[in-house]
Amino acid sequence: MKKICLSVLLLTSVVLSAFSQQLNNPDLQVIAIVKYKGTDTITLGTLKTTAKPFGTLTLEKKKELLEMLINDRLLSQAAEKENFFATDTQANQYFQQQLSQFARQPITEEQFSELLQKTQNMTLDQYIRSQTGVGLAEYKKNLKRQIAQNQYIGSKKQAEIQKASAVTHEEITSYYNNNRSTFVQPETVEIFHVIVPKGSNEAAAKKYADELLASVKSGKITQDAMVKNTQANMQAGNQDVKYIAQVIPVYRMNEYMAQLGMQQSEFDKLYDSSSLNVYSDVEEVSDSYRFYVALSHSDPKFLTLNDVVQKGTTATVYKYIENMLGLQKQQQAVLQIRNDLANELRANDESVVQYVKEGAELEALLKTW
């Protein structure tokens, strides 16, 4: 009998303790529960973290975000139920693509981390947390969930997505005519640019950079071979690379001068015709050594629909606009399809979503931040 009484007292104590924590910390209060394959609880803290990148939200926008969060968890469980999963490799590759887009050049996670540490004195985890409200591990976990959801949605509605993403010739030409002044190519120089990360041994990195420069100048190794090697490493997601070689267009704009870490005189020299095909010396820049050579020069020009958007690529202005408008349409279609699929799941079984907080009680909780 005493054992039973002690067990009851212990259980009561745990329940009261949990209740006390919720009272003292509203972020722990559960707003909704999603149960389709597994169980996901959505707390006020979860909602606040999700809302962080959007800034200040009205009460109605907070409610809309809650519904989006519920649907997100529901679609994740539906994807899992139908065996759609994303791997760590897929998430890492997608994450590296995001970093490269942000840096405007191929870059590994390790190199981006080193750059952040040197330029902003912060870790990659701190940077991701400042931008999204969650740490690096949680962000990659969310990426995996998003990839799996996209696979699931594509398996159900691929034909609808493709149809909604179609762009007509009239839409492309109208967009171009209405935005013609934005399609201008500044004065441009195309350069072969090589970066050798310092890593843990600066002296060895400098020696290797000198050797690479000598090899490419003598023809022992070609520019093309170095570029292809870099592309192969990036596609494979290799973090430990000895060099990054790429042919890139450099526009005569301040942001490109800053990106290359050049002084004005050095930047101006790039556009001097006498500098074409003349290799620079190996230079020290932040966390690496680099050398480069100007390959070609182009004067400023207005771009037509048939011109390539960026030197060194094959995509024309026409194709760029088509892809951009198609992506916009696709994103809109996917958002609608996500809602439709989630609503179908909820309509088939109302118990898959349970609201713990509703009405005035929910509104009072949402108004606490």
I'm trying to understand the selection: among the residues of the range 344-366, which are assigned to a helix (DSSP H, G or I) and free of Cβ contacts under 8 Å to residues at least 24 places away in the same chain?
344, 347, 348, 350, 359, 360, 361, 364
More than 22 Å from residue 241 (Cβ to Cβ), surrounded by 15 or more Cβ atoms within 10 Å (Cβ to Cβ), at pLDDT 90 or above and of a type in the set (D, E, K, R): which single residue out of 81, 156, 140, 163 fits that description?
156
Suppose the filter is among the aromatic types (Phe, Trp, Tyr), touching a Ser or Thr at 6+ places or on another chain (Cβ under 9 Å), closer than 30 Å to residue 305 by Cβ and surrounded by 14 or more Cβ atoms within 10 Å (Cβ to Cβ); does residue 192 pass it?
no
Filter the range 108-125 for residues that are without any contact (Cβ under 8 Å) to a residue 12 or more places away in the chain and either touching a Lys or Arg at 6+ places or on another chain (Cβ under 6 Å) or in a loop (DSSP other than H, G, I, E, B) (or both); the one that is surrounded by the fewest Cβ atoms within 10 Å (Cβ to Cβ) is 121
Which pairs have Cβ atoms under 8 Å, sit 6 or more apart or on different chains, and link a residue in the range 74-98 that is in the same structural domain as residue 153 (by TED's automatic domain parsing) and farther than 13 Å from residue 148 by Cα to one that is hydrophobic (A, V, I, L, M, F, W, C) and part of a helix (DSSP H, G or I)?
95/143; 96/234
From the list 265, 273, 288, pick out the single residue that is buried (at least 17 other Cβ atoms within 10 Å of the Cβ), assigned by TED's automatic domain parsing to the domain that holds residue 247 and out of contact with any Leu (no Cβ under 6 Å at 6 or more places or on another chain).
288
Just the residues that are among the charged types (D, E, K, R) and closer than 30 Å to residue 179 by Cβ, please, taken from the range 314-369.
319, 322, 329, 338
Hey, can you tell me all the residues within the range 197-251 that are surrounded by fewer than 13 Cβ atoms within 10 Å (Cβ to Cβ) and of a type in the set (D, E, K, R)?
217, 220, 224, 228, 240
Please enumerate the residues belonging to the range 254-278 that are more than 34 Å from the chain's Cα centre (by Cα) and modelled with pLDDT of 90 or more.
265, 269, 272, 276, 277, 278
Consider residue 171 carefully, then state whether it is in contact with a Phe, Trp or Tyr (Cβ under 7 Å, 6 or more places away or on another chain), closer than 23 Å to residue 310 by Cα, surrounded by fewer than 17 Cβ atoms within 10 Å (Cβ to Cβ) and of a type in the set (Asp, Glu).
no
Taking helices (runs of 4 or more DSSP H) that do not extend beyond the range 206-296, which have at least 3 residues that are under 22 Å from residue 314 (Cα atoms) and free of Cβ contacts under 8 Å to residues at least 24 places away in the same chain?
223-236
Being under 26 Å from residue 94 (Cα atoms), touching a residue at least 12 places away in the same chain (Cβ under 8 Å) and either in the same structural domain as residue 291 (by TED's automatic domain parsing) or in a helix (DSSP H, G or I) (or both) is the requirement here; does residue 189 meet it?
no
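The values are calculated or read from the model by the stated rules, or taken from the named source; none is laboratory data. Worth saying up front: this structure is predicted, and the values here are computed from it rather than measured. Here the Cβ is made from the backbone with ideal geometry for all residues, glycine too, and neighbour counts use every protein chain on show.
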